[in-house]
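*Asks:* I have a structure I would like to understand better, so I am pasting it below and will then ask my questions one at a time.
The values are calculated or read from the model by the stated rules, or taken from the named source; none is laboratory data. What you see is a predicted model; the values in this text were computed from it and never measured. When we count neighbours, we look across all protein chains shown, and the Cβ atoms used for this are built from the backbone with ideal geometry, even at glycine.
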Amino acid sequence: MDTILSILNATLREAIAPNTAAVAIAVIGLNIHFGFTGLLNIGQAGYMLLGAYGMAISITYDIPLLFAVLIGFVVSFVFSLILGLPTLKLRGDYLAIVTISAAEIVRYSGRLAAFEDFTGGSQGIFGKDYQGPFISLSFLGSGRLTLLEFNYTDVADGARWVQVLGLIALIGAIVGAVLLLKSLKSSGGAVLAPTSSTVRSALVAAALVLGAILTVVVPAYADRDTATDIFSRVVAFVIFTSIVLAVLFGGQAAYAAWKTSKGRKAVLAGALIIFAVLAIFFTFPKTYDRTGVDGWWVRMIAWFIVGLSCAVVFLLVRSPWGRLLRGVREDEDAMRSLGKNVFAIKMQALIIGGMFGSLGGMVYVLTGTVQADSMGRSLTFFAYTALLLGGAATIFGPVLGTIIFFSARILIREASGAYIPDAIMTNSQTEQFSYVVVGVGLMLLVIFRPQGILGNKRELRFNV
Amino acid sequence: MLLAPLALLMGAPPANAVVLCLAQADQTGCVTGTVGNRANPVEGVDVTLLDADGVEVDSLTTEADGKFSFQVTEAGDYFVSVGELPDGLEVRPPAERFQGPDGSILVTVALGGSVSPDLNVRSVDFDAGGDSFGDQIIQSIAQGLRLGLLLALASVGLSLIYGTTGLSNFAHAEQVTLGGMVAYGLCNVAGINLWVGIVLTTLICGFSGFLQDFVMWKPLRKRGLGLTQMMIVTIGLSLAAQYAFQFFVGASQQKVVVRNFDVVELGPIRLTGMSFVAMGVALVAIAIVGYVLLYTRVGQATRAVSDNPALAAASGIDVDKIIRMVWVVAAGLAGLGGVFYALVVSNGIRWDTGMQILLLLFAAVTLGGLGTAFGAFVGAIIIGLVVELAGPLGAPGDLKYAVALVILIVLLMVRPQGLLGRAARVG
């Protein structure tokens with residue numbers, strides 16, 4: 001039992017790691033390319049690397065964080081133009097070959113000794129050279145924080161059975177939520193009632209006020225010395241307001257949905273998912289520095305950006321522009337006959353998806369170094385696996401897929417390390433074994449369930 | 001002990017003797033080093049220490065151990081200048097940030113410490129150092145042809161697969177690695193004769209192509225799986241194969257055979273004898289494929305399937321049989337290429353050997369025109385030459401691979417169908 005719990009603990013650690021969030025952001029970008037528009041971009045890691053270089057190098061030249069991030073975006077914008085102009089008029093394979101080649105060129109150039117003054121060569125740029133401005137934005141205070149603060153150790157002195165009970169509750173909640181969602185899906189899905197504009201503006205106003213109050217109160221609670229900075233306050237305000245906004249809209253939608261039987265199912269499923277998350281952190285509490293290089297601050301921001309990206313993609317693909325993307329994916333000629341500029345639409349999709357990629361790259365390096373080889377082809381392939389696992393052309397598919405992908409690999413590695421005797425598989429071989437499983441998993445996934453976990457098979461005739 | 005450095009400071013050391021320099025905190029610093037290296041020191045070289053203004057501080061002549069040592073009393077920048085070296089040797093230019101005036105080498109001395117200048121001696125004909133530029137180019141062209149022919153072995157198959165099935169096979173590079181790995185297992189581990197091993201490897205790799213088509217690709221075609229999905233399947237296969245190689249063989253480089261091959265000199269060209277064999281074999285293999293494609297019924301049928309599978313099937317060609325044959329030939333050729341690549345180019349095989357040339361293969365195939373076997377051959381030769389010539393023409397390090405990819409991107413802008421492709425195939 002102890003082994004199982006420690007394996008699950010390691011799995012959870014990977015699931016909430018900032019790197020997982022970073023890849024999730026890149027996969028969200030890839031979803032715009034591949035899932036919604038049908039562009040076969042096999043160079044997403046190149047976008048990540050460019051974003052990371054753009055930000056990190058700017059900061060080492062004392063450019064403020066905000067502009068450094070903008071520079072990262074501009075670099076990826078230019079990269080998209082370079083990739084898109086020659087290839088987007090051609091068949092899909094050409095984009096694939098050119099993107100993978102261009103990503104490799106970026107990587108080779110980053111490793112080059114000639115650029116060592118900027119990129120640090122194959123050593124890379126060390127984290128301490130660019131992390132400072134980001135960490136100083138933190139309003140979480142110093143010291144360490146355990147999440148949840150109320151956890152299994154507080155019940156019956158942390159006896160083993162409490163943890164097991166938590167695990168059982170967790171599994172029960174997940175199974176329940178999945179069953180509910182499945183029955184919902186088979187009956188056509190719940191329709192979200194449109195909110196009236198008065199309610200909407202009232203909610204937004206309430207969120208702004210609450211966000212402002214929290215901005216003042218919470219840093220005081222965390223007994224702050226760093227949050228005096230005005231930028232730190234602004235960041236805090238944005239984060240708090242967004243969270244309050246999400247809670248208010250979620251609550252309002254749940255209240256409206258409760259009136260129908262299908263809606264009740266959906267609300268129940270949502271409640272079970274929230275309960276499952278709480279159960280996870282109750283059973284496997286996690287302790288990190290509040291701020292630090294690898295603490296809660298970077299985790300919070302990373303996952304906050306993931307949530308924000310999901311919201312942006314949701315709004316984008318629901319718009320008329322999103323329908324254009326799908327139209328291009330399904331039938332370019334039909335779009336042309338409707339007088340749409342297919343080339344321009346593809347280019348816009350490439351640029352926007354690439355920006356998510358570079359944003360992912362910036363988050364990816366927040367806890368480590370900017371090293372060219374850490375963002376190579378394998379990372380792009382992992383991103384594809386994660387995307388197809390979660391479900392292409394869905395909103396939450398990329399996030400779910402990435403979390404499951406990274407935690408499943410750790411699960412396989414740890415489990416085969418613990419239960420397969422060394423004579424059959426040594427410790428270093430379990431690492432490779434986990435990647436072999438990933439590769440085979442990708443193949444099986446594409447063959448037998450191309451729509452992934454959340455996807456809709458009808459939406460996924462992704463042929464170029 | 002404390003007095004020793006002081007004594008050295010007082011009595012000026014004789015210019016010709018090598019004196020051990022002991023740095024004393026806040027008083028003295030040392031510049032020490034060796035001309036040559038410990039195994040091959042260089043005797044009788046004048047070494048001069050200049051201060052930041054270029055004024056001589058001290059000088060000495062190295063003895064048999066090649067060592068030199070200077071003592072200074074002020075911290076700061078100094079330059080080490082090395083006099084005439086014996087014939088056949090030269091000072092390798094130091095890294096840019098250490099370059100001082102007139103070929104001297106910058107050292108920054110702190111008191112109480114000892115520093116060594118970035119001084120390296122190499123023989124004049126080392127690497128590209130001494131050959132005339134023309135000789136370098138000729139040598140690079142020979143290497144480029146070698147690389148190109150080996151790339152052609154793999155890319156002809158890649159192109160045939162693309163032509164007949166429309167699939168961009170990202171796992172093709174792993175077929176190349178597989179060739180090297182199988183040869184390593186047969187020749188190095190099991191100790192089979194190299195030539196027998198090469199033949200066996202080709203057969204085994206060809207069989208792996210047959211097996212792949214039988215187990216995976218044919219059923220997937222029957223399922224009607226889309227080409228994009230199949231392409232992602234090949235990505236998964238490539239990932240699984242790479243880590244499977246690591247799982248079974250380990251992450252380090254393995255040699256196919258332990259012995260080294262003799263170098264043959266043909267004028268300015270210096271290649272191992274094995275290289276010439278590899279080039280010959282590659283040329284013969286490709287010629288056979290070309291002959292079969294052009295002048296036999298099977299070849300005609302393959303080209304027919306390439307042009308239009310439905311029409312080919314309608315006119316009585318067994319498309320599945322043709323595709324299976326293409327897989328066998330492609331995998332066999334890639335395996336053969338892998339063995340020779342490991343023998344003569346990369347000096348061993350590693351799990352990612354194939355992955356490193358995957359993009360060159362794609363560049364070659366696209367350059368020649370996707371799906372055209374002869375285009376792939378021409379493309380591979382061009383890519384091979386470009387990669388090898390990029391070095392002497394000024395592209396440092398790994399950038400030589402990038403040059404090939406840049407050419408690919410530029411070509412797609414100008415002539416997307418490739419050199420030998422037909423415009424109708426594109427878009």
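Results for (1) over 19 Å from the mean Cα position of the chain (by Cα); (2) assigned to a helix (DSSP H, G or I), shown as yes or no for each residue.
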{"site": "A:Arg336", "(1), (2)": "yes, yes"}
{"site": "A:Gly360", "(1), (2)": "no, yes"}
{"site": "A:Leu366", "(1), (2)": "no, no"}
{"site": "A:Ile395", "(1), (2)": "no, no"}
{"site": "A:Leu411", "(1), (2)": "yes, yes"}
{"site": "A:Glu431", "(1), (2)": "yes, yes"}
{"site": "A:Ser434", "(1), (2)": "yes, yes"}
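*Asks:* Moving on. Say whether the condition of being farther than 30 Å from B:Phe261 by Cβ, among the β-branched types (Val, Ile, Thr), surrounded by 19 or more Cβ atoms within 10 Å (Cβ to Cβ) and at pLDDT 85 or above is met by at least one residue in segment B:366-385. First the steps, then the outcome.
*Replies:* Filtering segment B:366-385 for residues farther than 30 Å from B:Phe261 by Cβ gives B:366-375.
Among the residues that remain, those that are also among the β-branched types (Val, Ile, Thr) are: B:366, B:372.
Filter once more, keeping what is surrounded by 19 or more Cβ atoms within 10 Å (Cβ to Cβ): B:366, B:372.
Now restrict to residues that are at pLDDT 85 or above: B:366.
Yes: segment B:366-385 contains one or more residues that are farther than 30 Å from B:Phe261 by Cβ, among the β-branched types (Val, Ile, Thr), surrounded by 19 or more Cβ atoms within 10 Å (Cβ to Cβ) and at pLDDT 85 or above.
*Asks:* Can you name every residue in segment A:255-270 that is free of Cβ contacts under 8 Å to residues at least 12 places away in the same chain and in a helix (DSSP H, G or I)? First the steps, then the outcome.
*Replies:* Residues of segment A:255-270 free of Cβ contacts under 8 Å to residues at least 12 places away in the same chain: A:255, A:258-259, A:261, A:264.
A:Tyr255, A:Ser261, A:Arg264, listed by residue number.
*Asks:* Another question about this same structure. May I ask you to say which residue of B:Ser252, B:Ser306, B:Ser275 is hydroxyl-bearing (Ser, Thr, Tyr), more than 26 Å from B:Leu408 (Cα to Cα) and outside any loop (DSSP other than H, G, I, E, B)?
*Replies:* Values: B:Ser252 fails: outside any loop (DSSP other than H, G, I, E, B); B:Ser306 fails: more than 26 Å from B:Leu408 (Cα to Cα).
Only one candidate qualifies: B:Ser275.
*Asks:* Do any helices (runs of 4 or more DSSP H) entirely within segment B:158-236 hold 3 or more residues that are under 27 Å from the mean Cα position of the chain (by Cα), within 14 Å of chain A (Cβ to nearest Cβ) and within 27 Å of B:Val298 (Cβ to Cβ), and if so, which? Spell out the reasoning first.
*Replies:* Numbers: elements: B:172-183, B:194-212, B:218-223.
Correct list: B:172-183.
Here is a yes/no grid of residues against (1) more than 24 Å from B:Gln27 (Cα to Cα); (2) at pLDDT below 75:
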| position | (1), (2) |
| --- | --- |
| B:Glu74 | no, no |
| B:Pro93 | yes, yes |
| B:Gly112 | no, yes |
| B:Gly134 | yes, no |
| B:Gly144 | yes, no |
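*Asks:* Restricting attention to segment A:59-84, report how many residues are in contact (Cβ under 8 Å) with a residue 60 or more places away in the chain and at the interface with another protein chain (Cβ under 10 Å from one of its Cβ atoms).
*Replies:* Qualifying residue count for the region: 1.
*Asks:* List the number of the failed condition for A:Thr37; all other conditions in (1) surrounded by 22 or more Cβ atoms within 10 Å (Cβ to Cβ); (2) of a type outside the set (D, E, K, R); (3) more than 30 Å from A:Leu411 (Cβ to Cβ); (4) under 18 Å from the mean Cα position of the chain (by Cα) hold.
*Replies:* In the conditions (1) surrounded by 22 or more Cβ atoms within 10 Å (Cβ to Cβ); (2) of a type outside the set (D, E, K, R); (3) more than 30 Å from A:Leu411 (Cβ to Cβ); (4) under 18 Å from the mean Cα position of the chain (by Cα), A:Thr37 misses (4) alone.
*Asks:* Out of segment A:283-293, which residues are at negative phi and either among the β-branched types (Val, Ile, Thr) or modelled with pLDDT under 85 (or both)? Quick ask: steps written out before the conclusion?
*Replies:* Of segment A:283-293, the ones at negative phi are A:283-291, A:293.
The answer is A:Thr283, A:Thr287, A:Arg290, A:Thr291, A:Val293.
*Asks:* Just to check your reading of the model, which residue among A:Gly354, A:Gly327 is surrounded by fewer than 24 Cβ atoms within 10 Å (Cβ to Cβ) and touching a helix residue (DSSP H, G or I) at 6+ places or on another chain (Cβ under 8 Å)?
*Replies:* A:Gly327
*Asks:* Suppose the filter is among the polar types (S, T, N, Q), assigned to a helix (DSSP H, G or I), at the interface with another protein chain (Cβ under 10 Å from one of its Cβ atoms) and buried (at least 24 other Cβ atoms within 10 Å of the Cβ); does A:Thr380 pass it?
*Replies:* Numbers: among the polar types (S, T, N, Q): yes; assigned to a helix (DSSP H, G or I): yes; at the interface with another protein chain (Cβ under 10 Å from one of its Cβ atoms): yes; buried (at least 24 other Cβ atoms within 10 Å of the Cβ): yes.
It is true that A:Thr380 is among the polar types (S, T, N, Q), assigned to a helix (DSSP H, G or I), at the interface with another protein chain (Cβ under 10 Å from one of its Cβ atoms) and buried (at least 24 other Cβ atoms within 10 Å of the Cβ).
*Asks:* Kindly indicate the residue of segment B:29-42 that is in a loop (DSSP other than H, G, I, E, B) and modelled with pLDDT under 75 and also surrounded by the fewest Cβ atoms within 10 Å (Cβ to Cβ) among those meeting that condition. Steps first, please.
*Replies:* The initial filter retains those residues of segment B:29-42 that are in a loop (DSSP other than H, G, I, E, B), namely B:35, B:37-40, B:42.
Filter once more, keeping what is modelled with pLDDT under 75: B:37-40.
Details: B:Asn37: 11, B:Arg38: 9, B:Ala39: 5, B:Asn40: 12.
So the residue we want is B:Ala39.
*Asks:* Residue by residue through segment B:246-286, note down the ones that are surrounded by 16 or more Cβ atoms within 10 Å (Cβ to Cβ) and facing chain A (nearest Cβ under 9 Å).
*Replies:* B:Gln246, B:Phe247
*Asks:* Next question. Only one residue in B:Ser168, B:Ser155, B:Ser140 is assigned by TED's automatic domain parsing to the domain that holds B:Thr234, polar (S, T, N, Q) and more than 24 Å from B:Ala244 (Cα to Cα), so which one is that? Working first, answer last.
*Replies:* Values: B:Ser168 fails: more than 24 Å from B:Ala244 (Cα to Cα); B:Ser155 fails: more than 24 Å from B:Ala244 (Cα to Cα).
Exactly one of B:Ser168, B:Ser155, B:Ser140 is assigned by TED's automatic domain parsing to the domain that holds B:Thr234, polar (S, T, N, Q) and more than 24 Å from B:Ala244 (Cα to Cα), namely B:Ser140.
*Asks:* OK, next. Could you list, in sequence order, all residues of segment A:419-438 that are in contact with a helix residue (DSSP H, G or I) (Cβ under 8 Å, 6 or more places away or on another chain), without any contact (Cβ under 8 Å) to a residue 24 or more places away in the chain and within 10 Å of chain B (Cβ to nearest Cβ)?
*Replies:* Across segment A:419-438, the qualifying residues are A:Met425, A:Gln429, A:Thr430, A:Glu431, A:Gln432, A:Phe433, A:Val436.
*Asks:* Within segment A:9-37, how many residues turn out to be over 20 Å from A:Gly295 (Cα atoms) and either among the aromatic types (Phe, Trp, Tyr) or out of contact with any Phe, Trp or Tyr (no Cβ under 6 Å at 6 or more places or on another chain) (or both)? Walk me through how you get there before you give the answer.
*Replies:* Going through segment A:9-37, the residues over 20 Å from A:Gly295 (Cα atoms) turn out to be A:26-37.
Then drop every residue that is not either among the aromatic types (Phe, Trp, Tyr) or out of contact with any Phe, Trp or Tyr (no Cβ under 6 Å at 6 or more places or on another chain) (or both), which leaves A:26-27, A:30-37.
Total satisfying the criteria: 10.
*Asks:* Another question, if that's okay. Working carefully through the options A:Arg91, A:Arg111, find the one that is over 27 Å from B:Leu167 (Cβ atoms) and either of a type outside the set (Val, Ile, Thr) or at the interface with chain B (Cβ under 8 Å from one of its Cβ atoms) (or both).
*Replies:* Being over 27 Å from B:Leu167 (Cβ atoms) and either of a type outside the set (Val, Ile, Thr) or at the interface with chain B (Cβ under 8 Å from one of its Cβ atoms) (or both) holds for just one of A:Arg91, A:Arg111, which is A:Arg111.
*Asks:* Further question on the same structure: Could you tell me whether A:Phe139 is touching a residue at least 40 places away in the same chain (Cβ under 8 Å), more than 10 Å from chain B (Cβ to nearest Cβ), among the aromatic types (Phe, Trp, Tyr) and assigned to a helix (DSSP H, G or I)? Spell out the reasoning first.
*Replies:* Working: touching a residue at least 40 places away in the same chain (Cβ under 8 Å): yes; more than 10 Å from chain B (Cβ to nearest Cβ): yes; among the aromatic types (Phe, Trp, Tyr): yes; assigned to a helix (DSSP H, G or I): no.
Here the answer is no, as A:Phe139 does not meet what is asked.
*Asks:* List the residue pairs whose Cβ atoms are under 6 Å apart, where the first residue sits in segment A:272-292 and is closer than 17 Å to A:Val164 by Cα, the second is of a type in the set (Val, Ile, Thr), and the two are 6 or more positions apart or on different chains.
*Replies:* Going by the 6 Å Cβ cut-off, the qualifying pairs are A:Ala276/A:Ile174; A:Pro285/A:Thr146.
*Asks:* Of the conditions (1) within 11 Å of chain B (Cβ to nearest Cβ); (2) modelled with pLDDT of 90 or more, A:Glu332 clears all except one; give me its number.
*Replies:* (2)
*Asks:* Here's something else I'd like to know. May I ask you to list the residues in segment B:363-377 that are in a helix (DSSP H, G or I) and within 14 Å of another protein chain (Cβ to nearest Cβ)?
*Replies:* Of all residues in segment B:363-377, those in a helix (DSSP H, G or I) come to B:363-368, B:373-377.
Those that are in a helix (DSSP H, G or I) and within 14 Å of another protein chain (Cβ to nearest Cβ): B:Ala363, B:Ala364, B:Val365, B:Thr366, B:Leu367, B:Gly368, B:Ala376.
*Asks:* Ok, one more. For the subset of segment B:335-362 comprising residues that are β-branched (Val, Ile, Thr) and either more than 19 Å from B:Phe170 (Cα to Cα) or away from chain A (no Cβ under 14 Å) (or both), which member is surrounded by the fewest Cβ atoms within 10 Å (Cβ to Cβ)?
*Replies:* B:Val345
*Asks:* I need a count of the residues in segment B:387-421 that are in a loop (DSSP other than H, G, I, E, B) and facing chain A (nearest Cβ under 7 Å).
*Replies:* First pass over segment B:387-421, keeping only residues in a loop (DSSP other than H, G, I, E, B): B:391-398, B:415-421.
Retained after the next criterion (residues that are facing chain A (nearest Cβ under 7 Å)): B:396-398, B:416.
Within segment B:387-421, residues that are in a loop (DSSP other than H, G, I, E, B) and facing chain A (nearest Cβ under 7 Å) number 4.
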